[in-house]
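Trainee: Before we start, here is the structure in question, set down as structure tokens.
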Amino acid sequence: MTAPDGRDRISNWNLPNAITILRIVMAPIFFWLLLADGGADGPMRWWAAVIFIVAISTDWVDGQIARSRGLVTDLGKLLDPIADKLLTSGALVCLSILGELWWWVTILIVVREVGITVWRFVELGRGTVVPASSGGKAKTFAQAIAISLFLTPLWTLVGDWILWVNWAAMAVALALTVWSGLLYVRDAIRLAREHRAEPR
Ligand SMILES: O=P(O)(O)OC[C@H](O)CO
């Protein structure tokens, strides 16, 4: 399809966006598996961990395919962070419900993720698409590692010392979440000033 400016328009119905939607579909299956056995470390917990790891890994896959095949779309730029946040924030909420993670950690991260998403939609309404920053990508990677560690009952295999590793990984994820969030706040202030300076 060709846009009015003569350039080829990329269809939103492409492989990277389909993978992103698959990630969204996998999220409720993962939540159910994690919550269904009430925090036990049996087979359902292992399955929940596997599904989370597979689903969050598709974040890297869809990005790679989109860039290498020239299939980057505005829909993808919006949908990709939402799919990540659904999985990661949902996982944190489930872990807090199960009493395995302090609520204040979950709330801090979820408020940051929801806040950035709301801001993305506000900017979209003004005609600006805000893609994920490198800090945001590093934050998602750190969250994925920390959540995968929390989900996988490795303590049943190697002993309780692994819990220290889990908490250290969560601390790094939390720090990157706050840091990258503050950088977005700085960008939001700059963009708001630019919008105000635009002729009406
Ligand atoms: O921090 P955000 O909102 O830019 O999210 C980053 C994405 O999850 C990276 O895939």
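The values are calculated or read from the model by the stated rules, or taken from the named source; none is laboratory data. Predicted model, so just to flag it, every value in this text is computed and none were measured. Quick note on the areas: whole protein, heavy atoms, side chains included, nothing else; ligands and nucleic acids left out. Shrake-Rupley method; radii C 1.70, N 1.55, O 1.52, S 1.80 Å.
Trainee: Compute the separation of the alpha-carbon centres of segment 27-57 and segment 126-186 and state it in Å as a whole number.
Mentor: Cα centres, segment 27-57 to segment 126-186: 18 Å.
Trainee: So, taking all protein chains as they sit and a 1.4 Å probe, how much accessible area belongs to residue 187, in Å² rounded to tens?
Mentor: Surface open to solvent at residue 187 totals about 40 Å².
Trainee: Quick one: pull the percent of accessible area on the chain belonging to carbon and sulfur, 1.4 Å probe, ligands and nucleic acids left out.
Mentor: Reported share for carbon and sulfur atoms: 71 percent.
Trainee: Further, regarding this structure: Relative to the longest principal axis of the C-alpha atoms of the chain, give the angle of the C-alpha long axis of helix 74-97, reported between 0 and 90° and rounded to the nearest 10°.
Mentor: Between the helix axis and the principal axis of the chain, the angle is about 20 degrees.
Trainee: Sequence gap at least 6, Cα distance under 8 Å: using those rules, report the relative contact order of segment 15-197 to the nearest whole percent.
Mentor: This gives 24 percent for segment 15-197.
Trainee: Pull out the extension gain between residue 61 and residue 74, defined as 0.36 nm times the separation in residues minus the alpha carbon to alpha carbon distance; nm, one decimal.
Mentor: The residue 61-residue 74 span can extend by a further 2.9 nm.
Trainee: Taking the inverse of the average 1/r across all pairs of different Cα atoms in segment 62-131, what Kirkwood radius in Å do you get?
Mentor: Value: 13.5 Å, from the Cα pair sum.
Trainee: Then there's this: Counting only heavy atoms of the protein chains, get the accessible area per residue of the chain (1.4 Å probe) and round it to a whole Å² value.
Mentor: Result: 55 Å² of accessible area for each residue.
Trainee: Build a GNM of the chain with springs between Cα atoms under 10 Å: which of 114, 185, 158 gets the top mean-square fluctuation?
Mentor: 158
Trainee: Can you pull the percent of Cα pairs in segment 132-200 with separation above 14 Å?
Mentor: Numbers: 1537 of 2346 pairs.
Across segment 132-200, Cα pairs with separations above 14 Å total 66 percent.
Trainee: Multiply the residue separation of residue 128 and residue 50 by 0.36 nm, subtract the distance between their alpha-carbon atoms, and state the gained length in nm to one decimal.
Mentor: So the chain would gain 24.5 nm between residue 128 and residue 50.
Trainee: Gaussian network model of the chain, Cα springs within a sub-10 Å range: biggest mean-square fluctuation belongs to which of 87, 174, 183?
Mentor: Residue with maximal mean-square fluctuation among 87, 174, 183: 183.
Trainee: Could I ask something else about it? Averaging over all projection directions, find the projected area of the Cα convex hull of the chain and quote it in nm² with one decimal place.
Mentor: The orientation-averaged projected area of the Cα hull of the chain comes to 12.8 nm².
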